[in-house]
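Undergrad: The structure's right below; bear with me while I get my questions together.
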Amino acid sequence: MTIQDITCFLKLAETLNYTKTASALYISQPAVSRHINSLEQEIGGALFDRSVRRSVQLTEIGRILYKGLKQCEDIYQ
């Protein structure tokens, strides 16, 4: 798990849009996908539900991870 993976995850969880996430982070959309896939492999489960075309939603695991990482971010800042 890299800081880039975490940054992509947090931004995607907030925008729920790969294109907006890529634009906000100044990286390509495939790079966002690679970071999310890497994180999902490490976690061992899907963080986003992509079953509906052109729609992304957090899974239960994703919501738990997002809440924990936001708490860490808040403490850090």
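Read-outs: derived from the displayed coordinates by stated rules, not from any lab. Keep in mind the model is a prediction, meaning the values are calculated, not measured. Neighbour counts run over all protein chains shown; Cβ positions are idealised from the backbone, glycine included.
Undergrad: Which of the helices in the chain, when you take each full DSSP H run, stretch at least 15 Å along the axis at their Cα atoms and have an average Kyte-Doolittle score of 0.5 or higher? Don't skip to the end; give the middle numbers.
TA: On the way: long enough: 3-15 (18 Å, 0.61); 29-43 (21 Å, -0.64); 60-76 (24 Å, -0.36).
In the chain, the long hydrophobic H runs are 3-15.
Undergrad: So what is the calculated 222 nm ellipticity per residue for the chain, using -39500 (n - 2.57) for each DSSP H run with n of 4 or more, over all residues, to the nearest 500 deg cm²/dmol?
TA: Result for the chain, helices only: -22000 deg cm²/dmol.
Undergrad: Run down the aspartates and glutamates and flag those whose C-alpha is under 17 Å from the C-alpha of Lys70, throwing out any fewer than 8 positions away in its chain.
TA: Straight-line reach from Lys70, under 17 Å: Asp5, Glu14, Glu60.
Undergrad: Note down the relative contact order for the chain as a percent, whole number, built from C-alpha pairs under 8 angstrom at least six residues apart. Kindly include the intermediate steps, with their values, before the conclusion.
TA: Numbers: 65 pairs, mean separation 21.9, N = 77.
Once divided by the residue count of the chain, the mean separation gives 28 percent.
Undergrad: Run through the chain and list the chymotrypsin sites (Phe, Trp or Tyr not before Pro) located in a DSSP loop whose Cβ has at most 12 other Cβ atoms within 10 Å. Don't skip to the end; give the middle numbers.
TA: Numbers: sites: Phe9, Tyr18, Tyr26, Phe48, Tyr66, Tyr76; in loops: Tyr26.
Answer by residue number: Tyr26.
Undergrad: Follow-up. I need the P(r) histogram for the chain: all alpha carbon pairs, bin width 5 Å from 0 out to the longest distance, whole percents.
TA: With 5 Å bins starting at 0, P(r) equals 3, 17, 28, 29, 17, 5, 1, 0.
Undergrad: Sequence-distant or interchain residues sharing an amide H contact under 5 Å with Leu58, placed H: which?
TA: Asp49
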